[in-house]
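Take a look at the structure set out below.
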């Protein structure tokens, strides 16, 4: 696989029992870029993003066919799932901080992976919160419960928690859909900053968001990728009428 790509997906199909949820997906995802998945509800975006770190392993009757390679390794044959999820972190639609202190939320992952030294954990917590643009807000609240933070702060904390285990890729499944416009803007600014150091793949219902922050965009429709190209081309010069109709708000 070309080293400029982190994921290569070839002839991938996914079934929930007899239901054919994803159909013949072929795609290569660039390193160091923001890739957005757009499309109406139920079209397969979230199902697809969860295959990239094998979250669908947790779903009964889910069968994945074809090949998904991460950095040249088939993630369903040649990868340990724990190692994969350390490299490919995930931020979910609703903020899901653990019911513990801000500090312990960030330190949880590193501790799980064997880091016990207090000074090392202190450094990881500070760096992760700084990278998530939260340090100034929370440096005096590290012992407080994370559940007392605002929704926007909770979501940025979840991003910081993901950063603490030093992933290479961050998957984001509609990370701003439960947030107000100001918090959404802060997350978008954060994504733009983070792409200098991480590959980011984001599912979003918000087409304006995709246009603002992504480099590449894939349009999903009924379990298929209709079109995948530079974001500017998807929104301004799409190849297919279905894509044009969707980005122009004619359906969805």
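Return yes or no: is residue 243 farther than 22 Å from residue 131 by Cα, buried (at least 19 other Cβ atoms within 10 Å of the Cβ) and in contact (Cβ under 8 Å) with a residue 40 or more places away in the chain?
no
Taking the condition assigned to a helix (DSSP H, G or I) and either at pLDDT below 95 or closer than 17 Å to residue 170 by Cβ (or both), does residue 121 pass? Please lay out each step first, then the result.
Details: assigned to a helix (DSSP H, G or I): yes; either at pLDDT below 95 or closer than 17 Å to residue 170 by Cβ (or both): no.
Answer is no for this residue.
Given (1) part of a loop (DSSP other than H, G, I, E, B); (2) free of Cβ contacts under 8 Å to residues at least 24 places away in the same chain, identify the lone condition not met by residue 185.
All conditions are met except number (1).
Here is a list: 21, 36. Which entry is at pLDDT 95 or above and either within 28 Å of residue 194 (Cβ to Cβ) or not in a strand (DSSP E or B) (or both)?
Going through 21, 36 in turn, just one is at pLDDT 95 or above and either within 28 Å of residue 194 (Cβ to Cβ) or not in a strand (DSSP E or B) (or both): 36.
Can you say whether residue 76 is in a helix (DSSP H, G or I) and in contact (Cβ under 8 Å) with a residue 12 or more places away in the chain, as far as the supplied structure shows?
Here the answer is no, as residue 76 does not meet what is asked.
Does residue 88 fit the bill of being out of contact with any helix residue (DSSP H, G or I) (no Cβ under 9 Å at 6 or more places or on another chain), under 30 Å from residue 9 (Cα atoms) and crowded, with 18+ Cβ neighbours inside 10 Å?
The answer is yes for residue 88.
Mind listing whichever residues of segment 143-159 are surrounded by 19 or more Cβ atoms within 10 Å (Cβ to Cβ) and touching a strand residue (DSSP E or B) at 6+ places or on another chain (Cβ under 9 Å)?
Hits for segment 143-159 are 146, 155, 158, 159.
Those residues that are farther than 24 Å from residue 4 by Cβ and not in a loop (DSSP other than H, G, I, E, B), I need them from segment 51-73; list them, please.
Answer for segment 51-73, where residues must be farther than 24 Å from residue 4 by Cβ and not in a loop (DSSP other than H, G, I, E, B): 55, 56, 57, 58, 62, 63, 64, 65.
Might you check whether a residue that is surrounded by fewer than 17 Cβ atoms within 10 Å (Cβ to Cβ) and out of contact with any strand residue (DSSP E or B) (no Cβ under 6 Å at 6 or more places or on another chain) occurs anywhere in segment 43-56? Outline the logic, then answer.
Going residue by residue through segment 43-56, those that are surrounded by fewer than 17 Cβ atoms within 10 Å (Cβ to Cβ) are none.
Within segment 43-56, not a single residue is surrounded by fewer than 17 Cβ atoms within 10 Å (Cβ to Cβ) and out of contact with any strand residue (DSSP E or B) (no Cβ under 6 Å at 6 or more places or on another chain).
Somewhere in segment 106-119, is a residue over 24 Å from residue 178 (Cβ atoms), in contact (Cβ under 8 Å) with a residue 12 or more places away in the chain and buried (at least 17 other Cβ atoms within 10 Å of the Cβ)?
Yes, because at least one residue in segment 106-119 is over 24 Å from residue 178 (Cβ atoms), in contact (Cβ under 8 Å) with a residue 12 or more places away in the chain and buried (at least 17 other Cβ atoms within 10 Å of the Cβ).
The values are calculated or read from the model by the stated rules, or taken from the named source; none is laboratory data. Because the structure is predicted, anything quoted here is derived from the model rather than measured. Here the Cβ is made from the backbone with ideal geometry for all residues, glycine too, and neighbour counts use every protein chain on show.
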